[in-house]
Amino acid sequence: EAVKKAPQSESTDNDRVQTVPRAELEALIESEKDSGMDIRKKWPAKIRCEDGHYVRSHAECRIDDWLKFHNIPHEYETLVYLKATPEKKLLCDFYIPDADLYIEYWGYKDKDTYLKRKAEKTELYKKSKLKVLDLDESHLEILGDAMKHELLPLLPENLVDNAIRK
């Protein structure tokens, strides 16, 4: 089950939040999966979203808040079981169960290990024929328009109706 809430801690706007590159997080989860250690505890999600989810970056918080504001039920950091390669597992950024849709936010453009992992994940999603919406920094600049033009066409009609009312 996805971790939706991290233990609450007192924080201020001046607190520095460590953003962990997704590739590094997933590599550690994979390498230590049998040890019983939860890597998400090592780098806790400290940024609280409007719906109570805790995320690792301000960009993810904006996406989460947009989904909540538009009444789109979603999960954060859901473990993805792949049909094509069941031995591999991914941690997606967001999952919309009612649409069977995964959302990935790609926050880094210049880190080799991150870009390599992005390519691997994209290929794994493709092989498993899963619906994925890829977002990056350019989408954040126009998040409302980007989500309406790219996300809404992938959603079932009832979710679109709820989202448009907002």
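Structural remarks
Yes/no per residue for (1) surrounded by fewer than 19 Cβ atoms within 10 Å (Cβ to Cβ); (2) closer than 17 Å to residue 121 by Cβ; (3) in contact with a Pro (Cβ under 7 Å, 6 or more places away or on another chain):
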| position | (1), (2), (3) |
| --- | --- |
| 65 | yes, no, no |
| 68 | yes, no, no |
| 76 | no, yes, no |
| 79 | yes, yes, no |
| 84 | yes, yes, no |
| 89 | yes, yes, no |
| 92 | no, yes, no |
| 95 | no, yes, no |
| 98 | yes, no, yes |
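- Filtered residues of the range 48-63 (kept if open to solvent by 30 Å² or more (accessible area, probe 1.4 Å) and not in a helix (DSSP H, G or I)): 48, 50, 51
- Tally, over the range 100-123, of residues that are in contact (Cβ under 8 Å) with a residue 40 or more places away in the chain, over 17 Å from residue 140 (Cα atoms) and open to solvent by 20 Å² or more (accessible area, probe 1.4 Å): 5
Quick grid of which residues meet (1) of a type in the set (Val, Ile, Thr); (2) within 24 Å of residue 57 (Cα to Cα); (3) at pLDDT 90 or above; (4) in contact with a Cys (Cβ under 6 Å, 6 or more places away or on another chain):
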site: 102; (1), (2), (3), (4): no, yes, yes, yes
site: 112; (1), (2), (3), (4): no, yes, no, no
site: 115; (1), (2), (3), (4): no, yes, no, no
site: 119; (1), (2), (3), (4): no, yes, yes, no
site: 139; (1), (2), (3), (4): no, yes, yes, no
site: 146; (1), (2), (3), (4): no, yes, yes, no
site: 154; (1), (2), (3), (4): no, no, yes, no
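The values are calculated or read from the model by the stated rules, or taken from the named source; none is laboratory data. Note that this is a predicted model, so its numbers are computed, not measured. Note: ideal-geometry Cβ built from the backbone for every residue, glycine included; neighbour counts use all protein chains shown. To get the accessible areas, we keep the full protein, side chains included, count just its heavy atoms, and leave off ligands, DNA and RNA. Shrake-Rupley method; radii C 1.70, N 1.55, O 1.52, S 1.80 Å.
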